[in-house]
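Can you read through this structure? Questions will come right after.
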Amino acid sequence: MKSKRFTLTLASLVGGLLLAAGPIAAQTPPPAAQQMPDSVREMLTEMQQIQQQLATIQEQTLEANAELRAQQEATEDAVFDAMVEADPGVEQTIERLEEMGQEIRAAQAEQDTTRMRELLMEGQQAQQRLQAAQAQAMQRDDVSNQVQEYRDDLLEAMKAHDPQTEQLIARMEDLAQRLQAAAGEN
């Protein structure tokens, strides 16, 4: 029985389209804001704005489409079940992350930086564990096919809901390519 739901977000589903800048961030550590060229900073800001717009379109699309919401839930359940099969500790890890949120707020209120660092390190380890379980889950053909079908249906519904979706995605791809090129120059 599932005690926690694993939520598939636009970011996690549209990976290649919307998070194409992700590999850039993973390959090169982000320079300090003052060292970052204005053009790169502007592209990153625009990407964040576009991601927010797309997230709003996704939310509106899901609100307006009960069938797609049901498909989303079924897909989330399939991913979560596969994650638990890959790592039975996933549910406890999610529960611990939720507890940690309260502990971090308490440490912030007390200005306990040592405790905040400890919790952040523990949180990073928990996130890595969940990412590893998700990666294993996505290696299963049944799960990856279901996610792909949901991704396709979601994007189609988003485009029908707001025709600007296609332009926003195209702009994201363009910005991601430009950022990749800029990262290669450094």
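The values are calculated or read from the model by the stated rules, or taken from the named source; none is laboratory data. Note that this is a predicted model, so its numbers are computed, not measured. Counting neighbours? That spans all protein chains shown, and the Cβs are built from the backbone with ideal geometry, glycine included. Surface areas here come from the heavy atoms of the whole protein model, side chains and all, with no ligands, DNA or RNA. Shrake-Rupley method; radii C 1.70, N 1.55, O 1.52, S 1.80 Å.
So how strong a dipole does segment 36-186 carry about its Cα centre when Lys and Arg Cβ are +1 and Asp and Glu Cβ are -1, to the nearest 20 debye?
Once rounded to the nearest 20, the dipole reads 560 debye.
Ignoring ligands, DNA and RNA, what accessible area per residue does segment 87-143 give at 1.4 Å, in Å²?
Numbers: 3890 Å² over 57 residues.
That works out to 68 Å² per residue.
Sorted from largest to smallest, which semi-axis lengths in Å does the alpha carbon gyration tensor of segment 48-126 give for its equivalent ellipsoid, taking the root of 5 times each eigenvalue?
31, 21, 10
At a 1.4 Å probe radius, carbon and sulfur cover how many percent of the accessible area of segment 57-186?
Accessible surface attributable to carbon and sulfur in segment 57-186 totals 44 percent.
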